[in-house]
Amino acid sequence: MAEAPAGAAGGRARRLGRRAVDVLPPGTALVGAGTVVLGLASYIQLAAAGRTLPSDRMAGVSVLWTLVFSVGLGLFFPIEQEMTRLVAARVVAGEGTGPVLRRGLASSLGLLAAVCVPVAVFARPIADRLFDGELSLVGALCAAFGALSLAYAGRGMLAGTGRFTAYGAQLALDGVLRVVCSVLLAVAGTHAPLPFAAVLVVPTLLSVAATLPWVLRAARYGARDAAGVRGARAAAGPAAGPLAGGGAGAPGAPAASGPVVRPGGSTALRPVPPLPWRALWSGLLALIPSTLLAQLLVNVSVISVKLLAPDDTAFITALLSAVVLARVPLFVFGSLQASLLRGLSEAVAAGDRAAYRQLLLRTATFTGLLGGTGGVVAVALGPWLVPRLFGSPDLLGWADFAWLSAGTLCYMLASVLGQALQTTGGHGRQLLSWAVGTAALLAVTASPLPIRDRVEIAYAAGAAITAVMLSIRVTYAIRKQPPRHFDRQAGWTDALSGTNAMEPADRPQSVE
């Protein structure tokens, strides 16, 4: 008799799980699986290093880890975002995606050179100031940036063509390799920081190489896949509905430059048009500074302590461990990044104000619950867990975790709102919001408060001010956006309701 209630409970849990997945943008679950593996790998990597390296050398690895996942992500994640938008738009238009890969990869490598050349010139002062004189960690920093430049360019191709299985596999493989390498170094009793720094480089490069065939396939066959979609839609006739952004035959839309539908329903591809540099960089010029400021805000606490109290290595190590624990929700939230922008862009291009608001509201609600739950757990268990999990000094209390968790919650909400503003053409307004939040962070950091209070309160205050500014601007953008952007168009469907008028293969993937 007890089995029936247990089975019913299991059925309800499965239904709730499916419902939770349904309210999120398509592709979130696949990317989320890889993100969880990579996130867990980061904890294991830091835990292995913290239990193996002396405190002074662990401080250098802590700063390196922070720089890689702040400056590196700030520089190269915008490349992925813009490539995703451009690739998906070209697949829908049947124009082929090879030019996007070439331009995106060239841009990514150009940014890499622009950062690494000055870093190499000033390697000695950087090593003395940030890495306790360990010059090898400066080289590891540039190598890690190089690995990220390749990884984000490839992920832009995979996300833009909807290859989320390969996308998630790249993240998962990167994470598994990091775990293996970190455990082997810990078992071997390695006391040098460079091998642990190499864990930020080698697994990423191997995961990029493993998924390279899918990236090249996305660049080579993007136009052919779009031709099949266009041919099916042409055979279906007007009932198939408009394309995102206005397809061929939509009022005021330009003629498609990709596939040509021949009599009998067959298709042929026209020459692939080149991608102007301006098409990629018009958004990047504002998006890169925005992302850098966002990463500065979420990662600067450890670096601030290193600059304000360079000899307090124990607190630096403890703070990094606390920041990583308070940011557990970010690893789950990261799985939304690749698909949220696409879903919001679809709604804007389709003129579907209701779908846009529903997706934004549901994602923000999910993000708030995620951040709030993670914060409660971090405050309750963080002071006890950090010394035992990471081997860090027992220096922090529940108040420290409360400030860090509040900052993480506000940061995630600001990221959701920033992507929403980006889809309505608000790149510049997004940049202004992050700039004001960063100014607030710097003001608190420069205050006469104790160093611990300064860096923790600054994080929470900067993220909260940014989230408030972005919410005001997103609300204004939704209400004041010209009707042509948000008037509901017949034939397109709500991406959240599940009542699709089009077949899944025919649904628009993104908008440029």
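The values are calculated or read from the model by the stated rules, or taken from the named source; none is laboratory data. As the structure is a computational prediction, the values presented were derived from the model and not from experiment. So basically every Cβ, Gly included, is an ideal-geometry build from the backbone, and we count neighbours across all protein chains shown.
Taking residue 146 as the residue in question, decide whether it is surrounded by fewer than 23 Cβ atoms within 10 Å (Cβ to Cβ), outside the structural domain of residue 337 (by TED's automatic domain parsing), at pLDDT 90 or above and out of contact with any His (no Cβ under 6 Å at 6 or more places or on another chain).
Values: surrounded by fewer than 23 Cβ atoms within 10 Å (Cβ to Cβ): yes; outside the structural domain of residue 337 (by TED's automatic domain parsing): yes; at pLDDT 90 or above: yes; out of contact with any His (no Cβ under 6 Å at 6 or more places or on another chain): yes.
Yes: the conditions hold for residue 146.
Just to be sure before I move on: is residue 200 at pLDDT 50 or above and part of a helix (DSSP H, G or I) in the structure I sent?
Numbers: at pLDDT 50 or above: yes; part of a helix (DSSP H, G or I): no.
No.
For residue 122, which of the numbered conditions (1) more than 30 Å from residue 32 (Cα to Cα); (2) in contact (Cβ under 8 Å) with a residue 24 or more places away in the chain fails to hold?
(2)
Can you tell me which residue among 91, 61 is of a type outside the set (Gly, Ala, Ser), out of contact with any strand residue (DSSP E or B) (no Cβ under 8 Å at 6 or more places or on another chain), under 20 Å from residue 296 (Cα atoms) and buried (at least 24 other Cβ atoms within 10 Å of the Cβ)? Please lay out each step first, then the result.
On the way: 91 fails: under 20 Å from residue 296 (Cα atoms).
That would be 61, the only listed residue that is of a type outside the set (Gly, Ala, Ser), out of contact with any strand residue (DSSP E or B) (no Cβ under 8 Å at 6 or more places or on another chain), under 20 Å from residue 296 (Cα atoms) and buried (at least 24 other Cβ atoms within 10 Å of the Cβ).
Give the residue, chosen from 76, 69, that is outside the structural domain of residue 330 (by TED's automatic domain parsing), at pLDDT below 85 and aromatic (Phe, Trp, Tyr).
Details: 76 fails: at pLDDT below 85.
Unique residue meeting the criteria: 69.
Under 7 Å between Cβ atoms, at least 6 apart or on separate chains: pull out the pairs that start in the stretch 434-445 with a residue that is in a helix (DSSP H, G or I) and aromatic (Phe, Trp, Tyr) and end on any residue that is surrounded by 18 or more Cβ atoms within 10 Å (Cβ to Cβ) and at pLDDT 95 or above.
Correct list of pairs: 434/466.
Scan the stretch 384-394 and give yes if some residue there is outside the structural domain of residue 45 (by TED's automatic domain parsing), at pLDDT below 80, surrounded by 21 or more Cβ atoms within 10 Å (Cβ to Cβ) and of a type in the set (Gly, Ala, Ser), otherwise no.
yes
Within 30 Å of residue 56 (Cα to Cα) and either of a type in the set (S, T, N, Q) or more than 17 Å from the chain's Cα centre (by Cα) (or both): which single residue out of 98, 110, 133, 94 fits that description?
Working: 98 fails: within 30 Å of residue 56 (Cα to Cα); 110 fails: within 30 Å of residue 56 (Cα to Cα); 94 fails: within 30 Å of residue 56 (Cα to Cα).
That would be 133, the only listed residue that is within 30 Å of residue 56 (Cα to Cα) and either of a type in the set (S, T, N, Q) or more than 17 Å from the chain's Cα centre (by Cα) (or both).
Looking at the stretch 183-190, can you tell me whether even one residue there is in contact with an Asp or Glu (Cβ under 9 Å, 6 or more places away or on another chain), assigned by TED's automatic domain parsing to the domain that holds residue 88, crowded, with 19+ Cβ neighbours inside 10 Å and at pLDDT 50 or above?
Looking through the stretch 183-190, none of the residues is in contact with an Asp or Glu (Cβ under 9 Å, 6 or more places away or on another chain), assigned by TED's automatic domain parsing to the domain that holds residue 88, crowded, with 19+ Cβ neighbours inside 10 Å and at pLDDT 50 or above.
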